[in-house]
Amino acid sequence: MLRQKRDYDAAMQRLRTVTKKDVAGKRVLVRVDFNVPLEKSGGVVQVRDDRRLRAALPTIKLLQEAGAKIILISHLGRPKGAIVPELSLEPIAQYLKKKLNLPVTFSTNYDEPKLDTIVLLENLRFYEGETTNDAGFAKKLAGLADVYVNEAFSNSHRNHASMVGVTKYLPSFAGVALTEESNMLASLTTEPKRPFVVVLGGAKISDKVGALTNLANIADLVLIGGAIANNFLSAEGFEIYRSFVEEASKKDAGDYVAVARRLIDEHKTEKVLKDNYIPLPKLLYPIDVVAAPNLDTTDADELKTIDLSHDMADKPEKTKLQYLDIGPKTKHLYSELLAGAGTIFWNGPMGVWENPLFSAGTQAIARAITTSRATTVLGGGDTIAAAHHFHAEHKFSYISAAGGAALKFLGGEVLPGLKPLIIPS
């Protein structure tokens with residue numbers, strides 16, 4: 001445990017970031033994350049969101065200026081070691097060339113690709129050896145280049161050949177965007193401007209246990225919403241009726257209601273003062289909720305706002321309800337607390353925002369965060385999609401699309417893909 005903490009502390013401090021001197025005139029293998037959404041329009045496959053493509057541009061520009069030959073490698077989807085034409089990276093190569101003006105060629109040849117200025121190789125996951133971190137496949141990748149650069153923070157929690165195995169055979173460096181993202185996330189846990197407020201929502205608490213546990217020790221206040229709040233309500237003895245509570249998988253012995261209860265107990269003596277005199281728990285979950293028989297309802301008459309402080313008497317009609325958004329009192333309270341924050345990290349919607357009847361909570365939180373004076377960090381694909389829907393995405397100080405990797409990093413884990421890039425202390 002002590003060794004793991006030392007590794008984590010080192011990762012928080014310094015990564016070996018690529019410079020022009022490291023790559024001048026060399027063949028450079030760059031692991032990017034071009035796992036972007038595609039869509040068919042008029043029979044042509046197109047990129048729907050190019051955020052991850054643009055994130056790699058600073059590193060690609062640096063390599064171009066150094067006169068390097070650039071070999072881009074990425075995965076797309078989960079083909080499980082089989083060739084799936086719908087998951088080919090060729091449309092992405094075309095997008096890089098036509099929309100981002102990069103001199104990119106596309107190749108399916110992993111043995112002797114023609115090394116033009118920039119080549120994008122076919123989907124890594126068409127090869128089974130990628131996800132199993134096969135040494136033979138890692139050597140095959142390493143044989144293509146003189147230097148390796150990791151520019152895929154969002155995949156750095158994977159122990160794959162292109163993330164970990166290849167680093168055993170080539171001098172390895174962090175890309176520009178990866179370094180920036182690592183430093184930004186590290187700053188949340190080491191030197192946030194206070195008060196530091198964490199907002200966590202979404203459906204699955206299993207993805208967030210590590211981050212929630214670690215951030216609860218660091219943050220001044222944790223505001224909980226979405227379906228993960230049901231675990232905390234249940235732990236406190238509130239009736240949640242038919243609301244979603246994630247069950248532990250067979251591989252995971254954890255009971256997530258028990259996890260919530262443990263966190264409540266660990267932080268029950270810690271208080272935050274609202275308006276400088278009203279003591280509130282450090283971990284806050286909804287005081288009221290918007291409920292309905294199911295998340296697909298389109299009938300506003302089926303909605304019920306339940307005040308958890310006094311509306312909990314069991315009635316036959318309530319046994320059919322699910323909690324699908326935070327209620328108006330919770331929106332008001334959370335918004336007031338966010339207004340006074342110095343740093344805010346948000347991961348996870350407050351409700352089923354895709355349905356307009358349950359979108360008000362997420363929209364209110366987005367507005368409160370982006371109108372605050374805080375340094376604001378937005379994380380996770382679902383949260384980014386919600387912020388985009390409410391036209392708030394561009395108002396955040398920083399956006400991390402890393403999802404699972406970011407949560408593991410914030411949970412105190414040393415990501416396998418980052419460990420080989422740490423400068424020894």
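Readers should treat all values here as calculations from the given coordinates under stated rules, not as data from a laboratory. All values derive from a computational prediction rather than experimental measurement. Cβ placement follows ideal geometry from the backbone for every residue including glycine, while neighbour counts extend to all protein chains displayed.
Roughly speaking, what is the centre-to-centre gap between the range 66-115 and the range 140-161 when only Cα atoms are used, to the nearest Å?
14 Å
Using +1 at the C-beta of Lys and Arg and -1 at the C-beta of Asp and Glu, which of ILE71, ASN230, TYR127 has the Cα lying farthest in the positive direction of the dipole of the chain?
Positive-end residue among those listed: ILE71.
Please rank TYR256, TYR277, fewest neighbouring Cβ atoms within 10 Å first, as an exposure proxy.
TYR277, TYR256
Amide H of ASN133 versus every other amide H placed in the peptide plane: which residues, excluding those fewer than 5 positions away on the same chain, fall under 5 Å?
Residues meeting the criterion, in which the H sits 1.01 Å from N, are ALA161.
Which ³J(HN,Hα) values in Hz, rounded to whole numbers, follow from the phi angles of the range 56-66 under the Karplus curve 6.51 cos²θ - 1.76 cosθ + 1.60, where θ = phi - 60° and Gly and Pro get x?
7, 4, x, 5, 4, 4, 4, 5, 4, 5, 8
The range 276-297 to the range 387-425: how many Å between their Cα centroids?
Each part reduced to its Cα centre gives a spacing of 27 Å.
What does the C-alpha gyration tensor say about the overall shape of the range 15-178? Classify as rounded when a/c is under 1.5, otherwise prolate if a/b is larger than b/c, or oblate.
Because a/c hits 1.5 or more and a/b fails to exceed b/c, the range 15-178 counts as oblate.
Just subtract the alpha-carbon distance of LYS419 and GLU65 from 0.36 nm times their residue separation and send over the number in nm, one decimal.
This chain segment gains 124.7 nm when fully extended.
For the range 199-223, list residues with backbone N below 15 Å from a point placed 7 Å from the Cα of ARG262 toward its Cβ?
Hits in the range 199-223 for ARG262 at 15 Å: 205-217.
What label, among [x] 23.2, 74; [y] 24.9, 85; [z] 24.9, 93, belongs to Rg and Dmax of the Cα atoms in Å computed from the structure on display?
Structure-derived value, by its label: [x].
About its Cα centre, what dipole magnitude does the range 15-178 give when the only charges are +1 on Lys and Arg Cβ and -1 on Asp and Glu Cβ, stated in debye to the nearest 20?
It comes to approximately 360 debye.
To the nearest 20 debye, what is the magnitude of the charge dipole of the range 185-410 about its Cα centre, counting +1 on the Cβ of each Lys and Arg and -1 on the Cβ of each Asp and Glu?
For this selection, approximately 660 debye.
Please work out how much length the chain gains when fully extended from ASP255 to GLU128, using 0.36 nm per residue of separation minus the C-alpha to C-alpha distance, in nm with one decimal.
Length gained, ASP255 through GLU128: 42.4 nm.
Tabulate in residue order the Karplus-calculated ³J(HN,Hα) for the range 335-340, using 6.51 cos²θ - 1.76 cosθ + 1.60 with θ = phi - 60°, rounded to whole Hz; enter x for Gly and Pro.
Each residue of the range 335-340 in turn: 5, 5, 5, 5, 4, x Hz.
Put a dot 7 Å past each Cα toward the Cβ at THR117 and THR305; how far apart are the dots in nm?
The answer from the label model is 5.9 nm.
Using the 10 angstrom Cβ neighbour count as an exposure proxy, how do HIS388, HIS75 rank, fewest first?
With the sparsest Cβ surroundings first, the list reads HIS388, HIS75.
Among DSSP bridges having both ends in the range 15-178, what percentage is antiparallel? Round to the nearest 5.
In the range 15-178, approximately 15 percent of DSSP beta bridges are antiparallel ones.
For the peptides 32-41, 350-359, what is the packing order when you average, over each peptide's residues, the other Cβ atoms within 10 Å and list the highest mean first?
The most tightly packed comes first, giving 350-359, 32-41.
Picking from ALA366, HIS389, GLY340, whose Cα lies most toward the positive end of the charge dipole for the range 185-410 (charges on Cβ: Lys, Arg +1; Asp, Glu -1)?
GLY340
Quick one: putting +1 on the C-beta of Lys and Arg, -1 on the C-beta of Asp and Glu, what dipole do you get for the chain around its Cα centre, in Debye to the nearest 20?
In total the dipole reaches around 1500 debye.
In the chain, what % of DSSP beta bridges are antiparallel (nearest 5)?
30 percent
Going by how many other Cβ atoms sit within 10 Å of their own, how do LYS69, LYS97, LYS21, LYS193 line up, fewest first?
LYS21, LYS193, LYS97, LYS69
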